[in-house]
Every structure is written in C-alpha cells, then in structure tokens.
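The values are calculated or read from the model by the stated rules, or taken from the named source; none is laboratory data. Everything numeric in this text was worked out from a predicted model, so none of it was measured. Methodologically, a virtual Cβ is constructed for each residue, glycine included, from the backbone with ideal geometry; neighbour enumeration extends over all protein chains shown. With ligands, DNA and RNA removed, areas are computed over all heavy atoms of the protein, side chains included. Shrake-Rupley method; radii C 1.70, N 1.55, O 1.52, S 1.80 Å.
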Protein chains: 2
Amino acid sequence: MLEHGGRLLRAARQYGIPVDEWLDLSTGVSPFPWPVPELPAAAWHRLPEDDDGLVEIARQYYQAPDVLPVAGSQAAIQALPQLRMTSRVGVLCPGYAEHAHAWRRFGHQVETCTAGELIANPDRHDVIVLIHPNNPGGERFDIATLLDLNARLARRGGWLVVDEAFIDVTPEASLCAESARDGLVVLRSVGKFFGMAGARAGFVCAPRLVLDALRERLGPWTLSGPSRHALRLALSDREWQAAARTRLGNSGRQLADTLLQAGLRPDGGCALFQWCRNADARALHAALAQRGILTRLFDAPASLRFGLPPDAAGFQRLREALADVRAGALA
Amino acid sequence: MLEHGGRLLRAARQYGIPVDEWLDLSTGVSPFPWPVPELPAAAWHRLPEDDDGLVEIARQYYQAPDVLPVAGSQAAIQALPQLRMTSRVGVLCPGYAEHAHAWRRFGHQVETCTAGELIANPDRHDVIVLIHPNNPGGERFDIATLLDLNARLARRGGWLVVDEAFIDVTPEASLCAESARDGLVVLRSVGKFFGMAGARAGFVCAPRLVLDALRERLGPWTLSGPSRHALRLALSDREWQAAARTRLGNSGRQLADTLLQAGLRPDGGCALFQWCRNADARALHAALAQRGILTRLFDAPASLRFGLPPDAAGFQRLREALADVRAGALA
C-alpha cells in the first residue's frame with residue numbers, strides 16, 4: 001500500500017500531540033467543506049439505486065455527455081488498467097503515485113515521465129496518464145494540446161487518461177465536455193473541492209463503451225446511500241460552488257504568499273495546495289510536525305506539499321512555525 | 001450486471017405507484033435499522049483512517065482473530081477470485097448469484113451445485129463457496145461439517161468461502177471464531193442485520209495472508225468516513241443487537257406463518273426472509289406489485305423471496321394482498 005496524506009491519527013501518536021490540536025495541511029482537501037445536512041434514514045437503510053437522479057445532476061455539474069459514479073477516483077484508477085490488454089503506459093511523474101502503481105500491478109509496461117516528455121513523444125505509449133492540474137507539481141495543460149494528444153493516441157486505440165481531481169476551481173480548463181471522444185477518460189473527485197474526502201466519491205467521464213466496461217468491473221452499489229444523497233445536493237448547489245471558487249482562489253494565493261515570505265518559494269501548486277522542493281524537506285516536515293502542523297512529505301524529489309489552513313488563525317500559526325523553524329537549526 | 005432486489009424506484013415507475021406507497025419486501029435487509037445518530041462533520045470532511053478503532057470493535061463483534069473492513073461483502077466477492085490462479089470452483093446454487101458471476105469473470109472453472117453435492121465431493125473443487133444460511137434457500141450447515149470441509153480443501157491449498165451475510169441473528173452458527181485457519185474465508189455484511197444496506201460495508205474474516213492480499217487488491221479508503229463512524233457505534237451497541245435478534249426472530253416466524261396461511265408454504269428461509277418455490281412465481285410477483293408489494297422474483301427455480309414487513313400494518317397488507325391474489329386468477 002502506498003503512503004498518503006491524511007494520516008493524522010498516526011501523526012498524533014508519533015508526536016504525542018492530541019488530534020484536535022493539529023493544523024492538518026497534509027492533504028489537498030478543501031478546509032471549507034460543503035455543509036452536509038442531516039440525512040434521511042432511508043439513505044442508510046436502503047440499497048442505493050443507480051436511477052436516483054445522481055447521474056443527471058453530475059452530468060450537469062461536470063458538463064459531461066456521460067458520467068459513471070465511482071467510490072472515489074481511486075476506484076477508477078485501480079479499475080482502468082484491468083480494461084486493457086498489456087499496454088505501454090506513460091505516467092506523469094512526480095504525480096499522484098497510485099496511477100503508476102495500479103498500471104504496474106496489472107502487468108502493463110509503465111514509464112514515468114515529465115509532462116514535456118509525454119506530450120513530445122505521443123507514439124511512445126498506448127496510454128498516457130496526466131494529472132491536471134498536477135499533484136503535487138501543479139503543471140497545467142491547455143485544452144488544444146490535450147485534445148491533440150488524445151487524437152494521436154485514439155488513432156492507435158490508445159487512451160489519454162486525465163485525472164482532474166483538483167480542477168473544480170477552474171472548470172473552464174476541464175476536458176469533461178469533450179469526454180465522449182474515443183480514447184479520452186477524465187476522472188473527477190468530489191473529495192477536494194467539496195471538502196468531502198470522507199464520502200469516497202468521484203465520477204468518470206468517458207465514452208459509453210468505457211463506462212459500461214468500468215461499471216461491469218466495479219460491480220453494483222459502489223457509492224454508499226449517504227454519499228449519493230449528499231452528492232445530489234452538493235453538485236446542485238451552484239451558489240455555494242461559486243462562493244467556494246472565490247474563497248479557495250483567495251486562500252490559495254494567501255498560502256503561496258505565506259510560503260514565499262517564509263523563504264519557501266512554491267515550485268508549483270493550485271488553489272488547493274502549494275508544493276515546495278527543498279533539500280531539507282524531511283527535517284522541515286519533522287520540525288513542523290513537532291509544532292503540530294502536519295504537511296505531506298515527498299522523498300523524490302525531496303519536497304513538501306502544504307494544504308490550505310482553514311482560517312486566519314491557521315495562517316498565523318503556519319507563519320509563526322515557519323519563522324521559528326527557519327530561524328532555528330534549519331535556517 | 002446481475003439483477004438484484006431493492007429496485008423500488010424502477011418498480012414505482014413500472015407500476016405507476018408512488019415510491020412511498022410501496023411495501024418493499026424485495027430485499028433481506030432488516031426493516032428495523034440501527035438508528036444512525038447525526039454525524040460529526042469530520043466524518044464527511046476527512047480522509048478515512050484505518051487506525052480509527054473500527055477493526056478492534058469489529059473483531060469483538062465478530063469474535064474473529066482478524067478482520068478487514070470492505071465496501072460490502074460484494075467488494076470481497078469481486079476481489080477474492082483475483083487472488084487465486086485458475087481454480088475449479090464449486091458454488092452453492094441456487095444462491096446469491098454474484099459469487100459464481102465473479103469467479104467466472106476471472107477465468108475460473110465454475111460449477112454450480114447443491115450443498116449436498118459440494119459437501120459429498122470435496123476433492124472435486126479447489127474452492128467451495130457456501131452461503132450460510134443460504135440466500136434464498138435458507139440451507140444451514142453445522143460447524144463440524146464446515147471445518148471438516150475446510151480442512152480437506154486447505155490440505156490441497158484450497159479455500160472454503162462462507163458468505164455469512166444473514167447469520168447475525170444466530171451468531172453461534174458462525175465460523176468467524178475459526179477464521180484464522182488456513183484456507184477459510186468468512187464474509188460478513190452489516191447491511192442485513194443492522195438494516196444498513198446503504199452503508200455499503202462488510203468485513204472479511206480470514207488468515208492474515210489472505211487479508212493482506214485482499215487489502216492490497218482493494219486499495220486504500222474502501223469504506224466512507226460516515227460508514228466507519230456509524231459502524232463503530234453500531235457494532236458496539238450490544239443492547240440494541242440483543243433486542244434486534246429477538247425482534248427479527250419473532251418477525252421471521254410471523255412471516256413464515258403468514259405465507260403458510262395464505263397457502264404459500266416456505267421452502268426455506270431465515271429470520272430475515274422466506275423463500276417460496278412456485279410455478280406461478282412470475283404472475284404472483286406481478287399481482288403483488290400491482291398491489292404495491294414488491295417481492296424478489298427468481299426464474300430458476302421459479303420462486304419468490306419475501307423480506308420482513310416492518311410492522312403490523314405491513315403484515316396485514318401482505319395477508320390481504322395474498323388472500324386477494326390467491327382468490328383471483330392465480331387461485
């Protein structure tokens with residue numbers, strides 16, 4: 001099993017700091033969650049039904065011709081490699097590591113490449129996996145480039161898989177509207193933008209044939225009743241979505257400024273996180289954790305990812321800890 | 001995708017009867033659900049963590065040496081066939097059809113057999129799948145017989161898979177306490193007894209090596225945060241569990257009596273459902289549906305499964321509908 005952010009309980013034990021005293025910046029989940037109202041008892045009690053209206057609402061929200069609800073984009077990441085014969089797969093790196101892990105597990109030939117390498121050599125792979133914007137590097141791609149890449153791959157029966165888990169703040173950059181095109185698979189997540197990582201829910205936007213194969217592979221009842229109920233409401237809540245985009249945009253800029261002022265210039269990021277390469281990343285991670293601030297450490301390249309503090313007090317605490325740490329042994 | 005019960009929305013459209021006017025007896029889910037309290041916001045917001053105490057609570061409830069939480073026993077049913085080289089698999093039939101479907105999908109040689117055939121010829125298969133008590137037939141097995149079968153299979157590297165989705169009313173019949181034995185895999189569900197089919201949650205009880213392989217195959221965050229939270233409470237609620245056993249036992253007997261008095265002698269069942277073979281099953285199913293009562297129709301053998309009505313009014317409605325239907329064209 002790969003390592004992930006969000007392991008607050010483990011950090012609390014490791015550093016001897018109670019769970020509720022932490023500032024958890026270890027994930028890219030929005031700290032401004034959509035407020036889930038009380039659930040009807042039937043959401044828990046009854047088997048979920050796939051004709052409950054969720055698909056229609058999601059098609060509207062994603063502006064996609066067709067969607068398949070899945071138990072988080074993680075579920076799709078694990079299932080997609082099972083739908084193809086052994087393929088040459090190029091995966092963006094550094095990037096969300098579960099992609100390469102899943103394709104390797106099912107016997108595909110996986111190469112990890114930079115975005116530039118993947119786009120410059122489209123004939124080198126049968127499947128290209130991009131994360132857009134990339135996590136943690138924040139790389140962005142324009143739609144024309146992606147559609148061109150998709151077309152080149154599709155001509156040979158190949159796929160372009162685009163993980164758009166962090167794109168909701170900038171929906172105009174999404175490929176979802178184009179996702180009926182042959183060989184294009186777009187993954188969306190509700191965990192990050194809606195701040196609902198606990199719901200384990202996401203959507204795949206792709207041609208009907210791919211969605212049918214995926215549905216058959218994933219089996220019935222992939223989403224819980226409570227998650228389906230909450231998502232029908234959250235994906236319909238346009239007013240909240242607009243306000244969240246503004247708020248996340250502002251907070252993202254504030255986070256980048258905070259890091260810059262502390263001498264940690266971000267090497268990339270998006271509204272939901274900032275990413276800093278740093279030779280001392282491991283020591284910095286530990287020093288912040290000793291101060292009750294949990295970040296996400298990457299070993300290769302040595303780097304830290306910072307999620308958004310939830311409020312002014314959180315920003316202040318991060319500023320002080322960074323000043324403290326940089327003034328100390330790591331300065 | 002196979003056909004299942006619980007398709008109330010579809011039935012409502014098909015028969016032109018509003019959803020809230022139906023008596024839904026099409027599943028084996030308890031009509032007396034554990035009352036889920038309001039959720040903490042963090043259950044929705046944060047990534048679920050696997051060291052949140054759920055595993056320890058589940059080990060207590062199931063009296064099992066080790067357990068793995070899964071997104072319903074369905075998730076385990078789909079994953080288990082991926083952990084073995086091509087095997088000769090004997091599956092109890094008629095029984096929950098997803099078992100045979102899943103083993104076939106991954107290239108195993110599947111034979112569907114009666115319980116008697118499976119137990120009498122243990123050397124004929126590498127994997128034997130039983131449902132205990134069986135759904136819909138209600139067949140039961142004694143622990144000594146099952147452990148003997150397990151031992152014979154394990155000697156050759158084989159597995160006995162026992163789906164105990166409906167066993168919670170009679171926990172003394174469960175194999176969970178023995179589930180550290182080589183080659184024994186026990187599946188438990190919280191959907192039926194706890195009336196929480198919407199939670200999509202279950203547990204696998206098996207030797208550590210099998211659980212580790214299954215965990216790696218299923219990937220991270222298989223259960224939603226709300227489900228983990230609710231389950232920690234439900235599996236700890238001994239008082240509710242004891243009362244539910246009594247109530248379900250009584251209701252199950254009342255359902256069997258009701259069917260018997262209507263001239264439909266049950267051919268099997270358990271506290272949570274009764275099963276009636278009937279040459280006119282299809283017509284009976286339609287006639288009851290026209291009266292707003294949804295049952296589960298099986299084609300081979302022609303039969304109906306009846307879940308528990310939730311209250312006296314539900315029993316009365318079922319009695320009247322059966323009398324009406326049997327007095328009419330189908331009498």
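Using a 1.4 Å probe over protein heavy atoms, the accessible area lost on pairing B with A, summed over both chains, comes to approximately 4300 Å².
Surface exposure of segment A:249-331, expressed per residue as accessible area with a 1.4 Å probe, stands at 43 Å². List the distances, in nm to one decimal, from the label point of B:Val19 to the label points of the same position in every other copy, shortest first, placing each label point 7 Å from Cα along the Cα-to-Cβ direction. Those label-point separations list as 3.3 nm. Under the convention that each Lys and Arg Cβ holds +1 and each Asp and Glu Cβ holds -1, the size of the dipole of the protein assembly as shown around its Cα centre is about 560 debye. Looking at the square roots a ≥ b ≥ c of the eigenvalues of the Cα gyration tensor of chain A, which shape do they give, rounded for a/c under 1.5, prolate if a/b is larger than b/c, or oblate? In terms of gyration-tensor shape, oblate.
Looking at the protein assembly as shown, the DSSP beta bridges with both ends there are about 50 percent antiparallel.
Extending 7 Å from the Cα toward the beta-carbon at both A:Asp257 and B:Ala173 defines two label points whose distance is 6.7 nm.
Each copy carries A:Arg140; placing its label point 7 Å along the C-beta direction from Cα gives inter-copy distances of 6.6 nm, listed from smallest up.
Accessible-area loss of 40 Å² or more (1.4 Å probe, protein heavy atoms, chain alone versus all protein chains) is found in segment B:184-228 for B:Gly198, B:Arg200, B:Glu216, B:Arg217, B:Pro220, B:Trp221, B:Ser224.
A label point on A:Asp123, set 7 Å along the Cα-to-Cβ line, lies at 6.0 nm from each of its counterparts in the other copies, closest listed first. Any residues in segment B:47-67 that have 40 Å² or more less accessible area with all protein chains than in their chain alone, probe 1.4 Å, and which are they? The answer is B:Leu47, B:Glu49, B:Asp51. Simple point charges give the picture: +1 on the Cβ of Lys and Arg, -1 on the Cβ of Asp and Glu, and for segment A:41-236 a dipole about the Cα centre of about 400 debye. Once a ≥ b ≥ c are taken as the square roots of the eigenvalues of the Cα gyration tensor of segment A:115-245, is the result rounded (a/c under 1.5), prolate (a/b larger than b/c) or oblate (a/b not larger than b/c)? Oblate is the answer for segment A:115-245, as a/c is 1.5 or above yet b/c matches or exceeds a/b. Put simply, the C-alpha atoms of the protein assembly as shown give a gyration tensor, and the ellipsoid matching it has half-axes of 46, 26, 26 Å, longest first. Sorted from greatest to least, the principal axis extents spanned by the alpha carbons of segment B:179-331 come out as 57, 35, 27 Å. Using a Gaussian network model of chain A in which every pair of alpha carbons under 10 angstrom is joined by a spring, one finds that among A:Arg277, A:Arg156, A:Arg181 the greatest mean-square fluctuation is at A:Arg156.
Oblate is the label for segment B:1-135. Its Cα gyration tensor axes, ordered a ≥ b ≥ c, give a/c of at least 1.5 and b/c at or above a/b.
Solvent-accessible area per residue in segment A:41-236 equals 33 Å², computed with a 1.4 angstrom probe and all protein chains kept.
Would you calculate, for chain B, the mean residue ellipticity at 222 nm contributed by helices, counting each DSSP H stretch of 4 or more residues as -39,500 (n - 2.57) and dividing by all residues, to the nearest 500?
Computed mean residue ellipticity for chain B: -11500 deg cm²/dmol.
Please report the carbon-and-sulfur percent of the accessible area for the protein assembly as shown; probe 1.4 Å, protein heavy atoms only, DNA, RNA and ligands left out. Working shown, then result.
Numbers: 13000 of 25560 Å².
Carbon and sulfur: 51 percent of the exposed surface of the protein assembly as shown.
Any chance you could give the angle, 0 to 90 degrees and rounded to 10, that helix B:238-261 forms with the longest Cα principal axis of chain B? Compared with the principal axis, the helix lies near 40 degrees.
Considering only A:Trp44, A:Ala283, A:Ala312, the residue lying farthest towards the positive end of the dipole of chain A is A:Ala283, judged by Cα position with unit charges set on Cβ. Along the axis of the charge dipole computed for segment A:41-236 (Cβ charges of +1 for Lys and Arg, -1 for Asp and Glu, origin at the Cα centre), the listed residues A:Thr145, A:Thr114, A:Pro220 are led at the positive end by A:Pro220. Dipole magnitude for segment B:218-298: computed about the Cα centre from +1 point charges on Lys and Arg Cβ and -1 point charges on Asp and Glu Cβ, it is near 80 debye.
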